[in-house]
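To start, the structure under review is shown below, and the notes come after it.
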Amino acid sequence: MLHLLGQALFGLVVGALAKLIFPGKDPGGVIVTALMGLIGSLLGTVLGRAFWGGAGYSAGWIASILGTIVLLALYRAVTKRQTT
């Protein structure tokens, strides 16, 4: 149970840092920010395994933030197309 709480807290911090680095109009509040951080961390791990570290790679802070920034950019690209 503490592992899940730690992951949620990590996702919230990573999501908030990514939004500070990559500002703009995004949806949601605290829960959406935490979910984006968690998904971005997962994306950072997948990209890290594919390009850098192999099967044992686990995303750290930088890879997690970069994964979340990629996720935010993809989200903005998709929503921008829908509004125009």
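Derivation of every value follows stated rules applied to the coordinates shown; laboratory data play no part. All values derive from a computational prediction rather than experimental measurement. With ideal geometry, Cβ positions are generated from the backbone for all residues, glycine too; neighbour counts draw on all protein chains shown.
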Q | Per-residue ³J(HN,Hα) for the stretch 36-51, Karplus 6.51 cos²θ - 1.76 cosθ + 1.60, θ = phi - 60°, Hz, x for Gly and Pro | A | 5, x, 5, 5, x, 5, 4, 4, x, 5, 4, 5, x, 5, 6, 10
Q) Just the Cα atoms of the stretch 10-83: what Rg and Dmax do they give in Å? A) 12.3, 41
**Q.** Packing-based exposure ordering (other Cβ within 10 Å, fewest first) of Phe10, Phe51
**A.** Phe51, Phe10
